[in-house]
Amino acid sequence: MPEVTVVKNTTTTPITEFRSKVAPDWCPGCGDFGVLSALQKAVSNLGIDNKDLVVVSGIGCSSNLPGFIKSYGMHTLHGRSIAVATGVKLGNPDLNVVITGGDGDGFGIGVGHFIHAMRRNINMTYIVMNNQIYGLTTGQASPTTGRDHKTKSTPLGNIEYPFRPEGVALMGGATFVARGFSGDGTQLTQIYEKAIAHKGFSVVVTMSPCVTYNKLNTYSWFRERVYKLEEENHDTNNFEGAIKKSLEWDNRIPLGIFYQADKPTYEESEAAYRLGPLSKQKLGLSKEDWNTLYESFK
Ligand code: SF4
């Protein structure tokens, strides 16, 4: 298994350390409550100090999450969370960087950043709260809305086919790809712990029902269909098997880790980090380095 790469100070950190003074403003019953709770438990169980955690989001209901967890955080622009998080991580790779957002933010507006972050294998975790709708703007079809689904923007039924993020993540080069469900907090916490501890770019697509605007993909709709990959002895090292499982939907929906691989990260491969994190290196050049550089241009 890949080595654990989280920055830890103690065995566990009290979960109260991650409780924000700001109460979530989500609708009662929104799936995002389960995501927040599981994330707080995961970083607590991993013993991460909240000064070493940065949560970065885009725009949308779920992207309000950084305000509800006590850590460093940034609420950025629509679809730009991964770009900003990349800057945070490359500036100081010692930080644990978690990106949170929704399906519209990540797979619509921000999909280009999603693809390129995966192939770079930057050591960050991307939690996408997939409610298959644009919730903040009151219920329009998103990239993951199912075919024929009637929404505010598709009153006769959605004529587009849905984006399948887990398959795209696998083909895009993510070295950890999983699916969770906010209705199963125990499994979700375990998946988040493994994703954050993973060395490389980890993606956890989390089915997080929008109880106000998506009346089709509800908690009960998922509970009738979900099953756990580990209960069927799924091999997380088998890439082709993971692709096959990622295509399952409609009648049976797998939850758990599809795939995990140990590959060098961007930070490990980039020569600029040989002297340590950029944020801890001195600015400028020594006279000796300057002279060497100058000579090389002659
Ligand atoms: Fe959650 Fe939907 Fe309400 Fe947004 S609109 S807070 S996604 S239930």
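Quick look at the numbers
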read-out	value
Stretch gain in nm, segment Ser296-Lys228, where the contour uses 0.36 nm per residue and the Cα spacing is subtracted	18.6 nm
Taking N as its residue count, the alpha carbon Rg of the stretch 162-215 over 2.2 N^0.38 Å	1.24
Two-site label geometry, Ser37 and Lys51: point separation in nm, points 7 Å out along Cα→Cβ	3.1 nm
Accessible-area composition of the stretch 184-258, carbon plus sulfur, in percent [1.4 Å probe]	48 percent
Rounded Å value of the spacing that divides the Cα centres of the stretch 74-119 and the stretch 143-198	16 Å
Surface accessible to a 1.4 Å probe, per residue, for the residues of the chain, Å²	48 Å²
Evaluated over the chain, the Cα radius of gyration and Dmax, each in Å	19.9, 71
Thr137/Ile15 FRET efficiency (R0 41 Å; Cβ-Cβ; nearest 0.05)	0.80
In degrees, nearest ten, helix 287-296 long axis to first principal axis of the chain (Cα)	80 degrees
Heavy atoms of Trp290 accessible to a 1.4 Å probe, total area in Å² rounded to 10	130 Å²
Gaussian network model of the chain, Cα within-10 Å springs - most flexible of Ser81, Ser182, Ser286	Ser286
Packing rank of 117-127, 227-237, 87-97, where each peptide gets the mean count of other beta carbons within 10 Å, highest leading	117-127, 87-97, 227-237
The stretch 24-181 - percent of accessible surface contributed by carbon and sulfur, probe 1.4 Å	60 percent
Peptides 49-55, 145-151 ordered by average Cβ neighbours within 10 Å, highest first	49-55, 145-151
Nitroxide proxy distance, nm - points 7 Å out along Cα→Cβ at Lys280 and Asn92	1.1 nm
Computed [θ] at 222 nm, helices only, for the chain once each DSSP H run of length n ≥ 4 contributes -39500 (n - 2.57)	-8000 deg cm²/dmol
Under the Karplus curve 6.51 cos²θ - 1.76 cosθ + 1.60, θ = phi - 60°, whole-Hz ³J(HN,Hα) for the stretch 53-58, x wherever Gly or Pro sits	10, 10, 10, 10, 9, x
The chain, relative contact order in percent, only Cα pairs under 8 angstrom and at least six apart counted	19 percent
Violating pairs (Cα-Cα greater than 26 angstrom) within the set Lys51/Lys245; Lys51/Lys228; Lys70/Lys280; Lys21/Lys150; Lys194/Lys244	Lys51/Lys245; Lys51/Lys228; Lys21/Lys150
Inter-label distance for Asp289 and Ala23, nm, one decimal - labels placed 7 Å from Cα along Cα-to-Cβ	5.2 nm
At R0 = 25 Å, FRET efficiency that the Cβ-Cβ distance of Glu240 and His116 yields, to 0.05	0.55
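The values are calculated or read from the model by the stated rules, or taken from the named source; none is laboratory data. Note that the structure is predicted; figures quoted are calculated from it, not measured. Glycine gets a Cβ as well: all are built from the backbone with ideal geometry, and neighbour counts include every protein chain shown. Just so you know, the surface numbers come from the protein's heavy atoms only, side chains and all, with ligands and any DNA or RNA stripped out. Shrake-Rupley method; radii C 1.70, N 1.55, O 1.52, S 1.80 Å.
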